[in-house]
Amino acid sequence: MNWIKTHKLIALISVLAYGFFVAIFSIRLDDKQLILKGDLTSVSEGISINGKDLNPDFYTIYVLSLDRPTLFQYAIAQLNSKIDISDIPSGYDGYTLEDYYTMGQIDEALSFQNAILTAYNKASENDNTISVNSVLQGYYITYVDKRQQALEIGDLVVQVNDLDARYTNRLDFFGEFSNHDEVEITVVRNNRRITSLISTLDSGLYGFMMASKYQLTTSPLVINAFDDDLVGGPSGGLIQTLDIYTTLLNMDLKGLKITGTGTISAEGKVGPIGGIKQKIYTAADNDVDLFFVPEENYLDALVAYESLDNPSFELVKVGDFDEAVTKLLVYLSNG
């Protein structure tokens, strides 16, 4: 006590310093998100066609997302040009880590579904023994505002009012929501049918998003045996589709190491993704030959690409799957 009295300034500085370090390592910014470099994952892991593994030459690419960083982490990110800082959209208020995980796994499953549809349909143009048949089962809920308490991510919407999803045109089914401020909705959750009455939120919308879920029958048989993991989301769709397609047609890829990013729709449209800059940096760390990028992400990808010292890979812009196949064949023929 006597020491404190005789060394008030030192004591005050010590307390302030302690408080400062406690603050920067414990206070979190609830509305911020950091995007960092990630790694590559082989598409062939856990997927086979008629018992044959996919081509080992394709790799999906992921980034690391850190939500609600501490003040210290935020400060480090501001000093590192390879880390992006973004705002967490207000629509995700109340989301837990489990919610984000579930959403990522649903998106990944739907991405693989669309990859199969696109790859098999395209491959069947060259080989009539290849086929895929799809039967609509309903619509997965891929996002839901927490205020819409009757619904959960991963629910399969099978009916709205008296319209059965399996036998109703997509536009008419979705239009039922647009035409009413209140609807009776039936979902399948954990193998149980649950019917609820839901209303629009203060935005005038229902606050959830849906995507088609199909039952697929393929020839030759494709099997997806990979387990749920921490890597989720739809951004590997294009690369998955290319791998399935080239495997079906027994294409020789000449030992290329191919990666890239982009969602894939059931119709073969390549869609944009987040974290493109970090994915370019990740590719540069992994000695790849080709990097496919959605046209909507191309300019941002090009900026990151041109910042690299002697990049080893070629940046390939694509808008749909047909274009991706064409550019891959051109690259192979020139090689």
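The values are calculated or read from the model by the stated rules, or taken from the named source; none is laboratory data. Keep in mind that what you see is a predicted model, and the values were worked out from it rather than measured. A quick note on method: Cβ atoms are made from the backbone with ideal geometry, for glycine too, and the neighbour counts reach across all protein chains shown.
Name the one entry in Lys254, Lys327 that is at positive phi and either out of contact with any Pro (no Cβ under 8 Å at 6 or more places or on another chain) or among the basic types (Lys, Arg) (or both).
Being at positive phi and either out of contact with any Pro (no Cβ under 8 Å at 6 or more places or on another chain) or among the basic types (Lys, Arg) (or both) holds for just one of Lys254, Lys327, which is Lys254.
For the stretch 149-165: of the residues being among the acidic types (Asp, Glu) and over 24 Å from the mean Cα position of the chain (by Cα), which is surrounded by the most Cβ atoms within 10 Å (Cβ to Cβ)?
If we take residues in the stretch 149-165 being among the acidic types (Asp, Glu) and over 24 Å from the mean Cα position of the chain (by Cα), then Asp164 is surrounded by the most Cβ atoms within 10 Å (Cβ to Cβ).
Just checking, which of Lys257, Lys277, Lys269 is among the basic types (Lys, Arg), surrounded by 21 or more Cβ atoms within 10 Å (Cβ to Cβ) and touching a residue at least 40 places away in the same chain (Cβ under 8 Å)? Break it down into steps so the answer makes sense when it comes.
Values: Lys257 fails: surrounded by 21 or more Cβ atoms within 10 Å (Cβ to Cβ); Lys269 fails: surrounded by 21 or more Cβ atoms within 10 Å (Cβ to Cβ).
So the residue among Lys257, Lys277, Lys269 that is among the basic types (Lys, Arg), surrounded by 21 or more Cβ atoms within 10 Å (Cβ to Cβ) and touching a residue at least 40 places away in the same chain (Cβ under 8 Å) is Lys277.
Considering only the stretch 52-67, I want to know if a residue exists there that is within 24 Å of Leu242 (Cβ to Cβ), of a type in the set (Lys, Arg) and touching a residue at least 40 places away in the same chain (Cβ under 8 Å).
yes
Just one of (1) touching a Leu at 6+ places or on another chain (Cβ under 9 Å); (2) over 19 Å from Ile106 (Cβ atoms); (3) assigned to a loop (DSSP other than H, G, I, E, B) trips up Ala150, so point out which.
Checking Ala150 against (1) touching a Leu at 6+ places or on another chain (Cβ under 9 Å); (2) over 19 Å from Ile106 (Cβ atoms); (3) assigned to a loop (DSSP other than H, G, I, E, B), the one that fails is (2).
Looking only at the stretch 132-165, which residues are free of Cβ contacts under 8 Å to residues at least 40 places away in the same chain and hydrophobic (A, V, I, L, M, F, W, C)?
Those that are free of Cβ contacts under 8 Å to residues at least 40 places away in the same chain and hydrophobic (A, V, I, L, M, F, W, C): Val158, Val160, Leu163, Ala165.
Just to be sure before I move on: is Val325 among the hydrophobic types (A, V, I, L, M, F, W, C), in contact (Cβ under 8 Å) with a residue 60 or more places away in the chain and not in a loop (DSSP other than H, G, I, E, B) in the structure I sent?
Yes; evaluated as a whole, the condition is true for this residue.
Could you identify the single residue in Ile223, Ile280 that is within 24 Å of Asp57 (Cβ to Cβ) and either assigned to a helix (DSSP H, G or I) or in contact with a Gly (Cβ under 6 Å, 6 or more places away or on another chain) (or both)?
Numbers: Ile223 fails: either assigned to a helix (DSSP H, G or I) or in contact with a Gly (Cβ under 6 Å, 6 or more places away or on another chain) (or both).
Among Ile223, Ile280, only Ile280 is within 24 Å of Asp57 (Cβ to Cβ) and either assigned to a helix (DSSP H, G or I) or in contact with a Gly (Cβ under 6 Å, 6 or more places away or on another chain) (or both).
What are the residue pairs meeting all of these: first residue in the stretch 166-194, first residue among the polar types (S, T, N, Q) and surrounded by 12 or more Cβ atoms within 10 Å (Cβ to Cβ), second residue at pLDDT below 95 and not in a strand (DSSP E or B), Cβ atoms under 8 Å, and 6 or more apart or on different chains?
none
Taking the stretch 31-51, which residues are closer than 26 Å to Leu242 by Cα and acidic (Asp, Glu)?
Result: Asp39, Glu45.
Could you tell me which residue of the stretch 68-91 is farthest from the chain's Cα centre (by Cα), considering only residues that are under 29 Å from Gln240 (Cα atoms) and of a type outside the set (A, V, I, L, M)? First the steps, then the outcome.
The first filter runs over the stretch 68-91 and keeps only residues under 29 Å from Gln240 (Cα atoms), leaving 82-86, 88-89.
Of the ones still in play, those that are also of a type outside the set (A, V, I, L, M) are 82, 84, 86, 89.
Values: Lys82: 20, Asp84: 17, Ser86: 17, Pro89: 16 Å.
The residue in question is Lys82.
In the stretch 100-148, which residues are among the charged types (D, E, K, R) and under 12 Å from the mean Cα position of the chain (by Cα)? Outline the logic, then answer.
Start the filter on the stretch 100-148 by keeping residues that are among the charged types (D, E, K, R), which leaves 107-108, 122, 125, 127, 145-147.
The answer is Asp107, Glu108.
From the list Leu253, Leu201, exactly one residue is part of a loop (DSSP other than H, G, I, E, B), among the hydrophobic types (A, V, I, L, M, F, W, C) and not assigned by TED's automatic domain parsing to the domain that holds Val43. Which is it?
Values: Leu253 fails: not assigned by TED's automatic domain parsing to the domain that holds Val43.
Of Leu253, Leu201, the one residue that is part of a loop (DSSP other than H, G, I, E, B), among the hydrophobic types (A, V, I, L, M, F, W, C) and not assigned by TED's automatic domain parsing to the domain that holds Val43 is Leu201.
A quick yes/no check of all residues on (1) within 25 Å of Tyr100 (Cα to Cα); (2) in contact with a helix residue (DSSP H, G or I) (Cβ under 7 Å, 6 or more places away or on another chain):
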site	(1), (2)
Thr142	yes, yes
Lys146	yes, no
Asp155	yes, no
Val160	no, yes
Asn190	yes, no
Ile198	yes, no
Ser203	yes, no
Met209	yes, no
Ile223	no, no
